[in-house]
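A quick write-up on the structure given underneath.
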Amino acid sequence: MQKRWAIASCRNPTASQKLRDELGINTVLADLLVNRDISSFDEAHRFFRPDLASLHDPFLMRDMDKAIARIEQAIGDKERVLIYGDYDVDGTTAVAVVYSFFRQFHSRLEYYLPDRYAEGYGISTQGVDYAAENGFSLIIALDCGIKALDKIAYARERGIDFIIGDHHLPGDRLPDAVAVLDPKRTDCQYPYKELPGCAIGFKIIQAFIQKNNMDPQLCYQYLDLVAVGIASDIVPITGENRVLAHYGLQKLNTNPCCGLQSLIDLSTHRSGRFTVNDIIFQIGPRINAAGRIDHAKDAVKLLISKSLQEAAVYSSSIDVQNTQRKDFDLRITEEALAMIDGDELMKQRNSTVVFKPDWHKGVIGIVATRLTEKYYRPTVVLTQTNGHVSGSARSVVGFDLYEALNACSDLLDQFGGHKYAAGLTMKPENVESFQQRFEEVVSASILPAMLQREVAIDAVLRLSDIEAKFFRILRRFEPFGPKNEIPLFLSKQVRICGAASMVGGSHLKMTVTQDGMTGFECIGFGLAGYVDAINEGIPFDICYTIEENIWRDKRSLQLNVKDIRV
């Protein structure tokens with residue numbers, strides 16, 4: 001599919017020139033800063049030098065004083081306390097952080113994660129019943145609960161208090177909990193609104209430490225887990241998240257907790273330095289696999305392990321589950337692709353809706369993402385469990401998936417999510433009608449440009465500008481992630497040195513030069529189809545990221561090519 005190349009322009013050339021002069025950097029780097037809303041020397045200094053001292057006072061968060069008072073009461077009265085979290089990476093890391101900290105001071109502490117299949121997302125009636133039947137009088141819910149009004153009311157009837165630490169958008173009413181910690185509350189003045197659930201958990205222990213005049217290092221020891229939650233939940237790497245991720249990655253790369261070290265040992269990572277991207281592709285999927293294939297409590301057991309020997313037992317089990325997850329993922333993706341390729345009508349549609357009753361519910365979200373990447377159109381993948389059809393939906397840039405599902409709501413039992421990802425359930429007899437209605441809604445509202453993948457290019461760059469100082473400064477833009485994406489550059493009219501080749505069956509390897517300068521080695525994943533055209537020797541344009549390649553302890557700069565125009 002031909003992609004649209006969109007080249008960013010500098011939002012404020014005057015501020016860029018000022019930064020260039022003050023920082024002694026070239027125009028491209030100054031433009032990158034300005035387009036990240038960094039326009040002064042002081043802002044650039046804070047960006048390049050994240051500081052734990054800049055973390056906000058946790059008591060600026062609405063209800064934090066009530067939450068800490070209730071936790072202190074529970075510890076003082078020796079109450080049974082249950083740490084409750086969602087079954088994804090953010091939820092499990094949040095539980096691991098809060099449980100690991102408070103078990104040092106309180107022995108009557110347990111954790112609980114709902115079963116993805118038996119209970120579903122968030123606070124469940126079964127979870128509340130478990131707490132009541134086992135004598136828990138306080139539940140600290142992390143990464144969930146902001147809309148669980150009925151479940152919180154039910155818990156109160158059974159004599160259980162709730163502290164909610166969530167980051168999802170609240171509804172019109174808040175649950176009747178002792179404390180509701182959520183920066184997205186309209187009445188919460190906390191300065192940073194994008195903390196994930198694990199970071200809300202971190203702020204709870206930071207507040208407890210501050211209130212009790214304890215050593216701040218006691219909470220910093222959990223930053224590796226916080227970084228894993230931030231990276232895996234795909235939240236903006238800006239503001240406080242950037243500070244937490246920066247120091248969390250430092251700890252992950254130097255002194256990770258036993259559970260994360262065990263996962264690192266299992267990974268195929270070879271560069272010696274984990275980044276946000278490595279967490280997303282190497283660590284996060286393994287943690288997620290526990291909840292997808294079996295139960296997320298196995299992930300928490302791993303993350304709270306006190307020794308490498310203990311962690312190795314759980315990580316080995318989770319690695320097996322991850323292998324099973326990949327097998328399910330591969331098989332279902334192949335079956336879904338075959339369905340689409342074998343149906344001419346389906347291939348011509350503006351949406352994809354595929355359904356097979358025996359697909360594994362735990363991986364249909366991954367499959368929906370893969371189908372969206374392949375066909376680049378709004379996609380729904382459906383399966384059937386216990387007589388009900390459930391599905392995961394994914395969208396493309398600019399198209400509001402939630403509104404499209406809302407237009408089909410009469411065919412759905414329930415649905416929820418946001419603009420780009422959602423979950424839904426329906427009766428089996430409604431699947432065919434939904435498939436037709438969803439296509440009608442998408443076709444009536446999607447713009448043609450939305451069905452063409454856009455490549456967002458940060459700047460045009462000459463290969464001669466890529467030298468040691470440039471890359472050294474570029475590295476200081478890390479950690480990369482949403483709202484601070486790794487810069488994508490465009491170089492025009494480059495030529496190959498020697499010949500381009502195919503590697504790994506579908507990838508492109510070549511060396512490029514521009515204006516006769518020394519060549520740069522390039523790798524282009526999935527771009528082997530360009531080999532013949534490039535080898536004709538005519539100039540071509542490339543868009544790419546710049547990375548450090550480590551091979552047999554030798555380091556060199558490499559261009560990771562994302563797209564080509566011959």
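The values are calculated or read from the model by the stated rules, or taken from the named source; none is laboratory data. Note that the structure is predicted; figures quoted are calculated from it, not measured. Reconstructed Cβ throughout: ideal geometry from the backbone, glycine too, with neighbour counts over all protein chains shown.
Cβ separations smaller than 6 Å between residues 6+ apart or across chains give the following pairs from region 67-83 residues that are free of Cβ contacts under 8 Å to residues at least 60 places away in the same chain to residues that are assigned to a helix (DSSP H, G or I): VAL81/ALA74; LEU82/ALA131; ILE83/VAL95; ILE83/VAL98; ILE83/TYR99.
Return the residue satisfying two criteria in turn: it lies in region 216-236 and is outside any helix (DSSP H, G or I) and at pLDDT below 95, and of such residues it is farthest from LEU195 (Cα to Cα).
Restricting attention to region 216-236, the residues satisfying the condition of being outside any helix (DSSP H, G or I) are 216, 221-222, 233-236.
Remaining after also requiring at pLDDT below 95: 216, 233-236.
Working: PRO216: 19, ASP233: 10, ILE234: 11, VAL235: 8, PRO236: 9 Å.
Per the stated criteria, the residue is PRO216.
Take the conditions (1) crowded, with 20+ Cβ neighbours inside 10 Å; (2) touching a Phe, Trp or Tyr at 6+ places or on another chain (Cβ under 9 Å); PHE274 misses just one of them, which is (2).
Report whether or not LYS347 is among the basic types (Lys, Arg), farther than 14 Å from GLU439 by Cα and surrounded by fewer than 22 Cβ atoms within 10 Å (Cβ to Cβ). No, not satisfied.
Given the structure, is ILE538 closer than 30 Å to LEU244 by Cβ, surrounded by fewer than 17 Cβ atoms within 10 Å (Cβ to Cβ) and not assigned by TED's automatic domain parsing to the domain that holds ASN277?
Values: closer than 30 Å to LEU244 by Cβ: no; surrounded by fewer than 17 Cβ atoms within 10 Å (Cβ to Cβ): yes; not assigned by TED's automatic domain parsing to the domain that holds ASN277: yes.
Criteria not met by ILE538.
Identify, by number, the condition in (1) more than 30 Å from ARG565 (Cα to Cα); (2) part of a helix (DSSP H, G or I); (3) modelled with pLDDT under 95 that GLU373 doesn't meet. All conditions pass for GLU373, except number (1). Only residues that are crowded, with 17+ Cβ neighbours inside 10 Å and farther than 21 Å from ASP86 by Cα were counted in region 277-310, giving 1. For region 419-536, the helices (runs of 4 or more DSSP H) that sit wholly inside it and include 1 or more residues that are closer than 24 Å to GLU373 by Cβ and among the aliphatic types (A, V, I, L, M) are 431-445, 531-534.
Matching residues to (1) touching a Phe, Trp or Tyr at 6+ places or on another chain (Cβ under 9 Å); (2) not β-branched (Val, Ile, Thr):
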site: PHE489; (1), (2): yes, yes
site: LYS509; (1), (2): no, yes
site: ILE534; (1), (2): yes, no
site: TYR544; (1), (2): yes, yes
site: LYS554; (1), (2): no, yes
site: GLN558; (1), (2): yes, yes
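Conditions (1) within 17 Å of PRO357 (Cα to Cα); (2) buried (at least 16 other Cβ atoms within 10 Å of the Cβ); (3) modelled with pLDDT of 95 or more, marked per residue:
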site: ARG377; (1), (2), (3): no, yes, yes
site: SER390; (1), (2), (3): yes, yes, no
site: CYS408; (1), (2), (3): no, yes, yes
site: HIS418; (1), (2), (3): no, no, no
site: ALA421; (1), (2), (3): no, yes, no
site: VAL431; (1), (2), (3): yes, yes, yes
site: PHE434; (1), (2), (3): yes, yes, yes
site: ARG437; (1), (2), (3): no, yes, yes
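Mind checking which residues of region 537-566 are outside any strand (DSSP E or B) and of a type in the set (Gly, Ala, Ser)?
The first filter runs over region 537-566 and keeps only residues outside any strand (DSSP E or B), leaving 537-539, 552-553, 566.
Listed by number, the list holds a single entry, GLY537.
Against the numbered list (1) within 19 Å of GLY291 (Cβ to Cβ); (2) over 20 Å from the mean Cα position of the chain (by Cα); (3) part of a strand (DSSP E or B), SER392 comes up short only at (2). Can you go through ILE152, ILE164 and tell me which one is buried (at least 24 other Cβ atoms within 10 Å of the Cβ), in contact with a strand residue (DSSP E or B) (Cβ under 8 Å, 6 or more places away or on another chain) and part of a helix (DSSP H, G or I)? Of the residues listed, the single one that is buried (at least 24 other Cβ atoms within 10 Å of the Cβ), in contact with a strand residue (DSSP E or B) (Cβ under 8 Å, 6 or more places away or on another chain) and part of a helix (DSSP H, G or I) is ILE152.
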